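K.L.:
Just dropping this structure here.
The values are calculated or read from the model by the stated rules, or taken from the named source; none is laboratory data. Keep in mind that what you see is a predicted model, and the values were worked out from it rather than measured. As a convention, Cβ positions derive from the backbone with ideal geometry for all residues, glycine included, and neighbour counts pool all protein chains shown. We work out accessible area using only protein heavy atoms, side chains counted, and drop any ligands, DNA or RNA first. Shrake-Rupley method; radii C 1.70, N 1.55, O 1.52, S 1.80 Å.
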Amino acid sequence: MERTSMDSKAPLDVIAGSLRRERARAGLSLTEVARRAGVAKSTLSQLESGTGNPSVETLWALCVALEIQFADLLDPPRPKVQVIRANEGPAIYSEHADYSATLVASCPPKARRDIYRIVVAPGPGRESEPHMPGTVEHVVLSSGRALIGPTIEPVELHPGDYIAYPGDLPHVFKALTKDTSAVLISETS
């Protein structure tokens, strides 16, 4: 049996979320994406709300308009959590001083980074709602101990440890000891 549209068991909610995320990432309006893909604005609106029954051709056209791979609609990016413990990572040393530099993260092109000094007392912690799509948070723990990262799976850090995690997912910063402080860099691309 030949099918021209998606099976009724298709992950429409995943496709809807992916379309919204990728359109926001591209900074394009609903009207502009629909025009570029050659589909009706109402069709795109329905797909972004998780309704409709899109054909493969419609989804391919939307991928071309958004400059993404077809798989990006069905298999959204998974959270990337990177942890570098204190005294780990590739270090470069000075010939003239007791000085070393370890690159823990480089800035991607066209990104914006805001830098914060964080001081947190033990307690329930700071639970943050998702930020703008594409946000990544980087934290280097200066003192104390803390649980930091995605709310569903935070990582315990000690002084000098580094973590990067998606800031566009719910996340937490919970101090485990007094005098916990960190440097937080919020990166948006």
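K.L.:
I'd like the carbon and sulfur percentage of the solvent accessible area for the chain, probe radius 1.4 Å, heavy atoms only, ligands and nucleic acids excluded.
P.N.:
On the way: 6290 of 11730 Å².
About 54 percent, which is the carbon plus sulfur part of the accessible surface.
K.L.:
Take the alpha carbon atoms of region 27-94, find their center, do the same for region 100-165, and report the distance between the two centers in whole angstrom.
P.N.:
That distance is 24 Å.
K.L.:
Please list, in order along region 176-189, the HN-Hα scalar couplings obtained from phi with the Karplus expression 6.51 cos²θ - 1.76 cosθ + 1.60 (θ = phi - 60°), rounded to whole Hz, x for Gly and Pro.
P.N.:
Using θ = phi - 60°, the values come out as 9, 9, 5, 6, 8, 9, 7, 10, 10, 10, 9, 10, 10, 10 Hz.
K.L.:
Under a point spin-label approximation (7 Å from Cα along Cα-to-Cβ), what is the Lys41-Lys110 distance to one decimal in nm?
P.N.:
Result: 2.4 nm between the two label points.
K.L.:
Can you give the accessible area per residue of the chain, in Å², using a 1.4 Å probe? Kindly include the intermediate steps, with their values, before the conclusion.
P.N.:
Details: 11730 Å² over 189 residues.
Here the residues of the chain average 62 Å² of exposed surface.
K.L.:
Roughly speaking, what is the stretch gain from Val155 to Arg117, that is 0.36 nm per residue apart minus the C-alpha to C-alpha distance, in nm to one decimal?
P.N.:
Numbers: separation 38, 0.36 × 38 = 13.68 nm, distance 1.92 nm.
Between Val155 and Arg117, full extension yields an extra 11.8 nm.
K.L.:
Okay, moving on. So how much slack lies between His96 and His131, counting 0.36 nm per residue of separation and subtracting their Cα-Cα distance, in nm?
P.N.:
Numbers: separation 35, 0.36 × 35 = 12.60 nm, distance 4.28 nm.
Extra length from His96 to His131 when fully extended: 8.3 nm.
K.L.:
Using +1 at the C-beta of Lys and Arg and -1 at the C-beta of Asp and Glu, which of Ile118, Ser42, Leu19 has the Cα lying farthest in the positive direction of the dipole of the chain?
P.N.:
Ser42
K.L.:
May I pose another question? What distance in nm lies between label points placed 7 Å from Cα along the C-beta direction at Val14 and Gln69?
P.N.:
1.4
K.L.:
Before rounding to the nearest 500, sum -39500 (n - 2.57) across all DSSP H runs of length at least 4 in the chain and divide by the residue total; then give [θ] at 222 nm in deg cm²/dmol. Display every interim value, and only then the final one.
P.N.:
Values: 5 runs with 46 residues, N = 189.
Here the helix-only value at 222 nm equals -7000 deg cm²/dmol.
K.L.:
Right, next: Nothing charged except the Cβ atoms of Lys and Arg (+1) and of Asp and Glu (-1): what's the magnitude of the dipole of the chain about its Cα centre? Round to the nearest 20 debye.
P.N.:
Numbers: 20 positive and 23 negative charges, 82 e Å.
The dipole magnitude comes to about 400 debye.
K.L.:
Follow-up. State, in angstrom, two size descriptors of the chain derived from its alpha carbons: Rg to one decimal place and Dmax to the nearest whole number.
P.N.:
21.2, 74
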